[in-house]
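First up is the structure itself, then whatever we jot down about it.
The values are calculated or read from the model by the stated rules, or taken from the named source; none is laboratory data. Predicted model only: the values in this text are computed from it and were never measured. As a convention, Cβ positions derive from the backbone with ideal geometry for all residues, glycine included, and neighbour counts pool all protein chains shown.
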């Protein structure tokens, strides 16, 4: 005999409203608040426009999160949602139950019942309804982005379009300017930029960067090292000073990533000594040249003394390691992960760093990919209190069973990865191969 599960009262009420031909806000006045989320989802999936419009006006929560619903929806459904907001904005006599303050369009797999998103702008005036989104702008604006931006531009006086995370990949400057005039820059918390025309772009973008007062994470990348051409050293100095001077406005910045040949060359004094005001948690500088003077300024910069994560890739000259030692000593109480990749370090450079590494009480992970260490030098490193490490070990180590037992005997790490000598970096479009000892 087959079992029959009777529908709950909530399911019956949802189904009755979905079948109703004419929906009025009064039909929702006495609806229990717990019915709204499942009813909204069903109305959205069935494209019941009239019910959606009534529900947005009568929505009993401060937040409405529709990003997961829009993930696979057509641009027409986004227009439907925005039309619902238009109806709400035109209501002269606000319903006593109208509580909606934030429409969240972010696709972050939020539980629809959890109406308070993890991250919301804190600087938005209360009198304006807020529309929160993330924008990934790659080469051009897609249909959904055009729809949202054009809609918000026409209503800029009655609502705030808040972009929390923005990524820009080779987007024309005139489009970037138009977007940032709609999405006010001080709402942005995470920014990722990939550009070809490095200095001309930074000269153009400096004005907007200075307005990003709530920026927490900044990832700046040069994507074509052969494409960038600068006429004179004077031009470079002028553009660098203009751009890096804006960092004095970024008083909440915690994570800074710079990848490119021109970002750091003799600019650390300007960036770290004069401009950077907030203590960083993460710093990554890759594929550029750090001069001896750059490293000296970094070792003296108090904004780096609370670093938890430090990453250098292909940036050093041989004369820089003494300053790096001083920097490591200054972050010894907080540093958790250290990556020194493609630094062409030999035993002598590692020995310069060992006293500082031994002081790093919180250090749990080291990546020394593509450095030329001997087995003896790596043995000197092993007593450091690591839970996981990645080293480029010489071939002789793989034939020494006692050598491989050393990490376990000293500190019981979760894993120890010794990449083989013919390992290749993913960025070079080649495969990586590890010997993983667990």
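Overview of results
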{"read-out": "Segment 331-341 - residue that is surrounded by fewer than 20 Cβ atoms within 10 Å (Cβ to Cβ) and out of contact with any helix residue (DSSP H, G or I) (no Cβ under 6 Å at 6 or more places or on another chain) and, of those, farthest from residue 314 (Cα to Cα)", "value": "333"}
{"read-out": "Conditions (1) touching a helix residue (DSSP H, G or I) at 6+ places or on another chain (Cβ under 8 Å); (2) not in a loop (DSSP other than H, G, I, E, B): number failed by residue 371", "value": "(2)"}
{"read-out": "Which numbered condition residue 199 misses (of (1) at pLDDT 95 or above; (2) under 16 Å from residue 246 (Cα atoms); (3) buried (at least 20 other Cβ atoms within 10 Å of the Cβ))", "value": "(1)"}
{"read-out": "Count of segment 328-349 residues which are over 24 Å from the mean Cα position of the chain (by Cα) and within 18 Å of residue 254 (Cβ to Cβ)", "value": "2"}
{"read-out": "Which numbered condition residue 298 misses (of (1) within 19 Å of residue 195 (Cβ to Cβ); (2) out of contact with any strand residue (DSSP E or B) (no Cβ under 7 Å at 6 or more places or on another chain); (3) modelled with pLDDT of 85 or more)", "value": "(1)"}
{"read-out": "In segment 174-197, the residues that are outside any helix (DSSP H, G or I) and more than 20 Å from residue 221 (Cα to Cα)", "value": "183, 184"}
{"read-out": "Complete set of residues in segment 198-213 that are farther than 22 Å from residue 285 by Cα and not in a helix (DSSP H, G or I)", "value": "211, 213"}
{"read-out": "Members of segment 39-60 that are over 18 Å from residue 88 (Cα atoms) and either in contact (Cβ under 8 Å) with a residue 60 or more places away in the chain or in a loop (DSSP other than H, G, I, E, B) (or both)", "value": "41, 46, 47"}
{"read-out": "Pairs with Cβ under 6 Å, 6+ apart, first in segment 282-301 and on the phi > 0 side of the Ramachandran plot, second outside any strand (DSSP E or B)", "value": "287/314"}
{"read-out": "Residues of segment 145-173 that turn out to be part of a helix (DSSP H, G or I) and modelled with pLDDT under 95, as a count", "value": "1"}
{"read-out": "Answer residue from segment 287-302, given it is in contact with a helix residue (DSSP H, G or I) (Cβ under 7 Å, 6 or more places away or on another chain) and part of a loop (DSSP other than H, G, I, E, B) and is surrounded by the most Cβ atoms within 10 Å (Cβ to Cβ) among those", "value": "290"}
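Rundown of residues vs (1) crowded, with 16+ Cβ neighbours inside 10 Å; (2) in a loop (DSSP other than H, G, I, E, B); (3) at pLDDT 90 or above, yes/no style:
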position: 109; (1), (2), (3): no, yes, no
position: 120; (1), (2), (3): yes, yes, no
position: 124; (1), (2), (3): yes, yes, no
position: 135; (1), (2), (3): yes, no, yes
